[in-house]
Amino acid sequence: QVQLVESGGGLVQAGGSLRLSCAASGRMFSDYSMAWFRQAPGKEREFVAAISGIGSAKYYADSVKGRFTISRDNAKKMVDLQMNDLKPEDTAIYSCAAARIVSNLANSGTYQYWGQGTAVTVSS
């Protein structure tokens, strides 16, 4: 069993930065691929970024490539999402997710465990 708690959301102006964190509890954290998804009001949940268990592989949605960076610290059981050059279209609830699997990481159905989410609002 894995429990996930996100933090770091807030209100920021366009062009600004935020760093989201996801704290995990449970055993064998490094066995889990981790990801960030987001859901904007009135829209479906979409993939943002994913990272493999030991951090050797990272994946990004085209919309955030070059602006967002996912990282993890397995000793601290943490996954972070550094978000730079934020745009109003990045406004959403951001949730982290965990899966004991190494493929199909952009698909939300892959993930067994989810956090409650943290809100990010980017003003223009």
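Structure above, values below:
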item	result
Lys, Arg +1 and Asp, Glu -1 on Cβ, resulting dipole of the range 21-76 about Cα centre, debye, nearest 20	120
Total formal charge among the other residues, if their Cβ is under 14 angstrom from that of ALA97, Lys/Arg +1 and Asp/Glu -1	+2
Accessible carbon and sulfur surface of the chain relative to its total accessible area, %, 1.4 Å	48
Contact order normalised by residue count of the chain, Cα under 8 Å, 6+ apart, percent	36
All-pairs alpha carbon distance profile, the range 51-124, 10 Å steps from 0, percent	16, 51, 30, 3
For the range 4-124, accessible area per residue (1.4 Å probe, heavy atoms of protein chains only), Å²	51
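The values are calculated or read from the model by the stated rules, or taken from the named source; none is laboratory data. Computed from a predicted model, the values in this text were never measured in an experiment. Positions of Cβ are generated from backbone atoms using ideal geometry, with glycine treated the same way; all protein chains shown enter the neighbour counts. For accessibility, only protein heavy atoms count, side chains too; no ligands or nucleic acids. Shrake-Rupley method; radii C 1.70, N 1.55, O 1.52, S 1.80 Å.
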